[in-house]
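First comes the structure, then the notes that go with it.
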Amino acid sequence: MQGSAASPGISVAKAYLIHEPHITIEHKEISQEQIRDELDLLHKAIEKSKLQLEEVYHISKENIGEDKAEIMMAHIAMIEDPVLAKEIESKVMNQRFNAVWAVKETIDEQAKIFEMIDDPYIRERAEDLKDIGNRILKNILGIPFKDLSNMIEDVILVGEEISPSMLAAADTKHVKGIISEGGGITSHTAILARNMDIPAVFGLKGVLNTVKDGVLTYIDGNAGVAEFDIDSQKVSEIRKKINEQMSIKEKLKELVNTPSSTIDGHVVEIAANIGVPEDVARVIENGAEGIGLFRTEFVYMHRSGMPTEEEQFFSYKQVLQGMNGKPVIIRTLDVGGDKEIPYFNLPKEENPFLGFRAIRICLEDKDMFKAQLRAILRASAYGKARIMYPMISSVDEVLAANKILEEAKRELKEKKIEFDEQIQVGVMVEIPSAAINADMIAKHVDFFSIGTNDLTQYTLAVDRGNRSVSKIYNSLNPAVLRLIQGVIDISHKMGKFTGMCGELAGDPKAAILLLGMGLDEFSVSTASILKIRKIITSVDMKFAKNVRDEVFKFTDVSSVERYLADVLKERNMEYLLNI
Ligand code: PEP
Ligand code: MG
């Protein structure tokens, strides 16, 4: 099946179908005679859940070590808690609730109590409780449990839609690929997959109905292809291909400590895009010179409520300390669009990408925004932090955001809390108006980072996640390239620094072109760091500028793509397109 290439790499593993069933829980009033049966159902389900959790604990202890597996012990302790069982039993006996309803009601009530408490540790217990409740419910109803966090074997996830938070919570050691019916290649699931180095193919309509759970599946995230129920000959061919790719990757590893400089000594920065502090290990492993985009929304995701300033401070500090003095651009919250966070209760919108998102929300909810800015400022005492505002469309927004930043700084100073007073502030250029008015905005910021994912969507009026228009979505479109060139030229004229953190920066085809256009920083997914460094270190600026001039003669995107692929081929670097 052919879909879109969402994250590079190939692999082979069993298909793991995610048919998330919709559980309907009905409230039934039971009779005196039914009490025994319902209690029996309940006790059996609790016992089964306990055994399952013990099994999961043993597996995860093997996989991730005893420390991390401790979480499962906490779950086991909760399910063994006699108070919880008594509460559910009492609802069956005294209120005559059927077992599932009694479980649901008890869990909801208790989770609510936890959620109201300000201590993050206790609040997280609400999530654990809900997890346990869900497990008991599924066991009563006989619904098989798909727990992605603890896999026993390698799998390729196949789902209708795999959400960013579902992937972030999955046992990524065993997730060898992602296949989904929906999703666009610049959706956040795709970005996360690239950061985790997991091949992904999206847009395989009807795959859930045609593929059987457990069939041996091949995924090629470069070509956007998936094959199901493959035979053993195919498996050995694929294994050979995987080995070839591994040896290319091994060879690229030689560049981990090589400076990102062209043959003639022009130095650029190759930085990484991250979503959670745990990504830093892979950033260091791949030799990035900094972090060009920390998507902080992931710090806000998969939890039941807003992270406190303290929790955020801890996450940002962890990243800065991990990067050991290398620059880290922390982007302020970019929620909305395709990044839904349930507890924000954002209204349903006709056009979420054009609606209430990112800086627009932050400027309305000043207290929330200021708490994030304070957390970043406090963390800046532990490394080289930079602040970046997303979705800037006007100078006014920059001024408003900077005003709140000044307030945050003042508050910290009053409390004598240390922070980097010289902290640099920049904006993402991802809305055409910001590119057009870059000269006006440049006066109020230290740097720009071009977000080609959104810039392409807004310039070409094409939804980045909509498959039916994905042919039009291309960041190499001459209109997008002109905007990018304009931003780089203006920023350099005004003595500022311009990076790029959209996916175009990590596309090997575009690297020489962007170098020739004068880009200062390439912020890419961890899987692309060494590929881009390989290209940068193999050319000189004269060649790159020449490529740039040739590209700007084309009036259509296919000619640009063909030409850039030819350039890589001539330089014997075409293989970088296939890993
Ligand atoms: C972008 O729009 O290019 C970008 C990097 O931001 P995000 O993908 O998080 O919207
Ligand atoms: Mg964006």
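Observations, loosely collected:
- Test: residue in region 451-467 that is closer than 17 Å to Val551 by Cα and at pLDDT 95 or above: no
- Filtered residue count, region 374-408, keeping only those that are of a type in the set (D, E, K, R) and over 16 Å from Glu309 (Cα atoms): 6
- Residue within region 454-469 that is over 25 Å from Glu161 (Cβ atoms), part of a loop (DSSP other than H, G, I, E, B) and not polar (S, T, N, Q) present: no
- Which numbered condition Glu244 misses (of (1) within 14 Å of the chain's Cα centre (by Cα); (2) farther than 24 Å from Phe447 by Cβ): (1)
- When restricted to residues that are in a loop (DSSP other than H, G, I, E, B) and in contact (Cβ under 8 Å) with a residue 60 or more places away in the chain, region 275-323 contains 15.
- Number of residues in region 494-517 that are acidic (Asp, Glu) and under 21 Å from Ala438 (Cα atoms) equals 1.
- Any hit, region 228-244, residues being part of a loop (DSSP other than H, G, I, E, B) and polar (S, T, N, Q): no
- Breaking point among (1) within 16 Å of ligand 2 (Cβ to nearest atom); (2) touching a residue at least 40 places away in the same chain (Cβ under 8 Å), for Ser475: (2)
- Scanning region 73-94 for residues that are among the acidic types (Asp, Glu) and buried (at least 16 other Cβ atoms within 10 Å of the Cβ) yields a total of 2.
- Scan of region 270-298 for residues that are over 18 Å from Gly499 (Cα atoms) and among the aromatic types (Phe, Trp, Tyr), ordered by number: Phe298
- Output for region 44-57, where each listed residue is surrounded by 14 or more Cβ atoms within 10 Å (Cβ to Cβ) and closer than 15 Å to Asn134 by Cα: Ala45, Ile46, Lys48, Ser49, Lys50, Gln52, Leu53
- Taking every residue in region 534-558 that is farther than 19 Å from Gln485 by Cβ and pairing it with any residue that is surrounded by fewer than 16 Cβ atoms within 10 Å (Cβ to Cβ) and modelled with pLDDT of 95 or more, at least 6 positions away or on another chain, the pairs with Cβ-Cβ distances below 7 Å are Thr537/Thr258; Thr537/Ser261; Ser538/Arg571; Asp540/Ile263; Asp540/Asp264.
- Hits in region 452-467 - residues which are within 12 Å of ligand 1 (Cβ to nearest atom) and hydrophobic (A, V, I, L, M, F, W, C): Leu455
- Of all residues in region 321-343 being away from ligand 1 (no atom under 16 Å from the Cβ) and either over 24 Å from Tyr382 (Cα atoms) or not assigned by TED's automatic domain parsing to the domain that holds Arg464 (or both), the one that is modelled with the lowest pLDDT: Pro342
- Residue count, region 347-372 (criterion: within 16 Å of ligand 1 (Cβ to nearest atom) and either more than 27 Å from Val280 (Cα to Cα) or of a type in the set (Lys, Arg) (or both)): 9
- Taken over region 364-423, the criterion of being charged (D, E, K, R) and under 24 Å from the mean Cα position of the chain (by Cα) is satisfied by Asp365, Lys370, Arg374, Lys384, Arg386.
- Any pair with Cβ under 6 angstrom, 6 or more apart, that starts in region 163-176 at a residue that is crowded, with 17+ Cβ neighbours inside 10 Å and modelled with pLDDT of 65 or more and ends at one that is in a strand (DSSP E or B) and not aliphatic (A, V, I, L, M): Lys176/Ser11
- The residue that is nearest to Asn195 (Cα to Cα), among those in region 494-517 that are more than 14 Å from ligand 1 (Cβ to nearest atom) and buried (at least 24 other Cβ atoms within 10 Å of the Cβ), is Ala511.
- Selection of region 290-342 for residues being of a type in the set (Lys, Arg) and within 16 Å of ligand 2 (Cβ to nearest atom) yields Arg295, Arg331, Lys339.
The values are calculated or read from the model by the stated rules, or taken from the named source; none is laboratory data. Since this is a predicted model, take the numbers as computed values, not measurements. Backbone-built Cβ (ideal geometry, glycine too); neighbour counts: all protein chains shown.
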